[in-house]
Structures are given as structure tokens and as C-alpha cells.
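Following: one structure in C-alpha cells, then a few remarks.
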Amino acid sequence: MDLAGRTVMVTGASGGIGAPLCAALVAAGAQVLAVGRDEARLQHVAQALPTGRVTCVAADVSTPAGRERLLQAARAAQPTPSVLVLAHAQAAFGLFDEQSPDAMAQLMHTNLVAPMLLLHGMLPVLLAHASASVVVVGSTFGSLAFPGFAAYSASKFGLRGLTEALAREYADTPLRFQYLSPRATRTPFNTAAVDALNAELKVASDAPGEVARQLVAAIAQGTSRLQVGWPEKLFARLNGLAPGLVDRNLRASLPIVRRHARRPRPSTAENARHEVPSLR
């Protein structure tokens, strides 16, 4: 797919990968509808790029009103978007039994339900083009579930399943679906605890600009599935073919994961202040 002259809608456009992704798309000749919740951050992305190539749309994809605003912007764009890049996500690192039910429900809604609903609404716009693409920016954890990232992995596995099913459902149409998975990337999306875990486990990480370059190349080439990085690509394949091998490998890392993922315990004074019930 030649991106020159196309309009590309990018969710999560002001995030760690989103901003360089917008820049790489503009460099490939595309017009970008940059979507995010923070208008000021979106404007910062737009101002760093050639004038008129980026249109900012401040909207919360996780709400019906936000999705409706995006659909209105898509229908008003000239040309309308023929590429939808779902690049937003909510992070979550921690032990499963320490996660709150509300936080897990919100994460699943943001990472899986909201993009599914946005995509559903965008289908008529995309199918109006002779060729179009839905690009889901996934994660290694969408193919390789990792301790300390249970809910996040579940959301990314769900996105991968959605993408794969729709690719088969629309195989006889001009609309294609791409699931592209970065590995660890050096952005503020990672908390200090995640960075410390990656350092101790010697997990390689990529610069966001390099990730964006690979993603845009994959979009242009029509790559249906991409796992960035080695040995992540190998482990993702092994997890599909021989998950027991990966189970044994990750079990050895469990003490390290638990140490970084566990919530900091309050001090004795804090315990006395917060945990002793008041008498009435």
C-alpha cells in the first residue's frame, strides 16, 4: 500500500510510540488524524511536523461520545481515512491478586472493548475505499502471556484474536487487518518498576522512532503479522508450538517478577494510620 495521499487515523497519537508513528506516516506521504485525550499534547505532536499534515482530534476512545466525535472527524476528512491504526493502550503491571476489579475492568474496556467498538463504527468509512487497512499495534504479551501482566496480556490476546478473526471474515474484501507487535520500547508507558524488571531480566528494548519505522514499513508492505525483535519472535512462536518450554523458562524468573511487581508495603506508622478501624 502506497501511503502517499492517504488519510490515516491514529489513536494514542500523543503516546510514546504514537508521536514518532505520526512522524513516520507523514514522512511516507500520509495525512494524519491524530487522536488522543490531551489536546495540548496532540498540538505538540502536530507542531513538530510540516504544517497541515496532521489534524488533531481530542477524544476519549473509551466513551461513546469520544467514538462518535472520531467518526464525525473521519467522515469530514478529505480524503476519508483508508487506514485505521489502533495504537492506544492502558498499561498494567502488578500481581493479579493485588489488582482491583475496577482497574482490571477499565483496562479491558480501554484496550479491547473500545477499539473493537471504534473499528465497528469505522467499517463503512474504510470499506468505501478500493483498498484499506486496520492496523492493530499489539504487544509481545499478546502472543506470550507474562507473569505480572495478566490483565494486560489478556487484553492484547483479545486484540490479536479479534484481528485474526476479522482478517478471515473480510478476506474477500479490499479491507485487510494487520497485527503488529512491538517488544519493550523505551517510552514513559513503562513504569519505573517495569524498567527495573526489564533491566534485571536483561530484556532488550527499542527506541520508539525505530519501532515506528518498522511499523510503517509493515503497513506499506501489507504484513499481516509482525513480531518486532529477537528473541521475542522466537519465544512467541515457541509459545504457540510448545508452551511447556516457555512455562519452564518463565518459572525460573518468577521470584524476580514478584519482587518488582509486588505493591510497596506501607510503613508501620502508615499501617497504624490506615489499617486500624475507627471506633464508633
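Can you confirm whether residue 77 is open to solvent by 40 Å² or more (accessible area, probe 1.4 Å) and either aliphatic (A, V, I, L, M) or within 23 Å of residue 140 (Cβ to Cβ) (or both)? No, not satisfied.
Return the residue satisfying two criteria in turn: it lies in segment 1-10 and is among the hydrophobic types (A, V, I, L, M, F, W, C) and open to solvent by 10 Å² or more (accessible area, probe 1.4 Å), and of such residues it is farthest from the chain's Cα centre (by Cα).
4
Taking the listed residues 213, 160, 183, the one that is touching a helix residue (DSSP H, G or I) at 6+ places or on another chain (Cβ under 7 Å) and in a loop (DSSP other than H, G, I, E, B) is 183, with no other qualifying. For segment 127-140, check the following and say yes or no: at least one residue is among the aliphatic types (A, V, I, L, M), open to solvent by 10 Å² or more (accessible area, probe 1.4 Å), modelled with pLDDT of 95 or more and in a helix (DSSP H, G or I). Yes, that holds for at least one residue. Scanning segment 11-50 for residues that are over 18 Å from the mean Cα position of the chain (by Cα) and within 16 Å of residue 81 (Cβ to Cβ), which turns out most open to solvent (accessible area, probe 1.4 Å)? If we take residues in segment 11-50 being over 18 Å from the mean Cα position of the chain (by Cα) and within 16 Å of residue 81 (Cβ to Cβ), then 31 is most open to solvent (accessible area, probe 1.4 Å). Assuming residue 223 fulfils every condition listed in (1) open to solvent by 40 Å² or more (accessible area, probe 1.4 Å); (2) modelled with pLDDT of 90 or more; (3) not in a helix (DSSP H, G or I) apart from one, which condition is it? For residue 223, the exception is condition (1).
Taking residue 78 as the residue in question, decide whether it is over 15 Å from the mean Cα position of the chain (by Cα), within 27 Å of residue 20 (Cβ to Cβ) and not in a strand (DSSP E or B). Yes: the conditions hold for residue 78.
The values are calculated or read from the model by the stated rules, or taken from the named source; none is laboratory data. The structure displayed is predicted, hence computed values, not measured ones. Using ideal geometry, Cβ is built from the backbone for each residue, glycine included, and neighbour counts are taken over all protein chains shown. What goes into the accessible areas is simple: the full protein's heavy atoms, side chains included, and nothing from ligands, DNA or RNA. Shrake-Rupley method; radii C 1.70, N 1.55, O 1.52, S 1.80 Å.
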